[in-house]
Amino acid sequence: NAGVTQTPKFQVLKTGQSMTLQCAQDMNHEYMSWYRQDPGMGLRLIHYSVGAGITDQGEVPNGYNVSRSTTEDFPLRLLSAAPSQTSVYFCASSTPAIGTQYFGPGTRLLVL
Amino acid sequence: SQQGEEDPQALSIQEGENATMNCSYKTSINNLQWYRQNSGRGLVHLILIRSNEREKHSGRLRVTLDTSKKSSSLLITASRAADTASYFCAPSLNSGGSNYKLTFGKGTLLTVNP
């Protein structure tokens, strides 16, 4: 049982490039979420999903796309990377029955 | 969702001492959760306290909730160097059904000196 996994661990992009941050969970959780964390800040919600085929925007969705074709996977796509998207990205999963979130180890993204 | 605000922003203590950090929020909640984040890692859930509970214990952790003051506190007793981390509270307006959109404040950075 690996929990929540994220790849890559670290990525450097040039402005304008696109990429996909991967997130997978093996706990059969219905809910999955993407957060970003900037230095000295808390986590801000980017997008979330309450089940396969269902996604919605969080607090800071601009510049990001998500899809949820399976229960296990919830990739986050950066369409055209900007320096303002330099951050640490965390994926989390949960279920209504548990009431808590399980976080992945994070992906550090640097946009030059 | 709503955001909790942790206080103090930073706390430095000696090993063996107790550490207390506080969380305030603005509207009625169903439950409040505390998470820990070690440097460079993902958040780890510590404890959840429901609105009808006033105090909860888990090992060396003690959480209190005062819904009339809209505040919570996290006490870590007999602290260890390994407790060095940032601590976040996450108040939740609804039951577990909306825990996919928790909102986190800036946290309290706890440093435990050996």
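The values are calculated or read from the model by the stated rules, or taken from the named source; none is laboratory data. What you see is a predicted model; the values in this text were computed from it and never measured. FYI the Cβ positions are ideal-geometry reconstructions off the backbone, even for glycines, and counts take in every protein chain you see.
Below is a table of values for the structure above.
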{"item": "Yes/no for B:R36 being modelled with pLDDT of 95 or more, within 12 Å of chain A (Cβ to nearest Cβ), part of a strand (DSSP E or B) and crowded, with 17+ Cβ neighbours inside 10 Å", "result": "yes"}
{"item": "For A:C23: the one exception among (1) assigned to a loop (DSSP other than H, G, I, E, B); (2) within 21 Å of A:A2 (Cα to Cα)", "result": "(1)"}
{"item": "The range A:83-96, residues that are over 18 Å from A:P8 (Cα atoms) and part of a loop (DSSP other than H, G, I, E, B)", "result": "A:T95, A:P96"}
{"item": "Residues of the range A:52-98 satisfying the condition of being within 11 Å of chain B (Cβ to nearest Cβ) and out of contact with any Lys or Arg (no Cβ under 7 Å at 6 or more places or on another chain)", "result": "A:D56, A:Q57, A:F90, A:C91, A:A92, A:S93, A:S94, A:T95, A:P96, A:A97, A:I98"}
{"item": "Of all residues making up the range A:31-72, the number that are hydrophobic (A, V, I, L, M, F, W, C) and free of Cβ contacts under 8 Å to residues at least 12 places away in the same chain", "result": "1"}
{"item": "Test for B:L46: is it more than 14 Å from every other protein chain (Cβ to nearest Cβ) and modelled with pLDDT of 95 or more", "result": "no"}
{"item": "The range A:8-29, residues that are within 14 Å of chain B (Cβ to nearest Cβ) and surrounded by fewer than 17 Cβ atoms within 10 Å (Cβ to Cβ)", "result": "A:K9, A:F10, A:M27"}
{"item": "All positions within the range B:1-21 that are assigned to a loop (DSSP other than H, G, I, E, B) and over 25 Å from B:N31 (Cα atoms)", "result": "B:E15, B:G16, B:E17"}
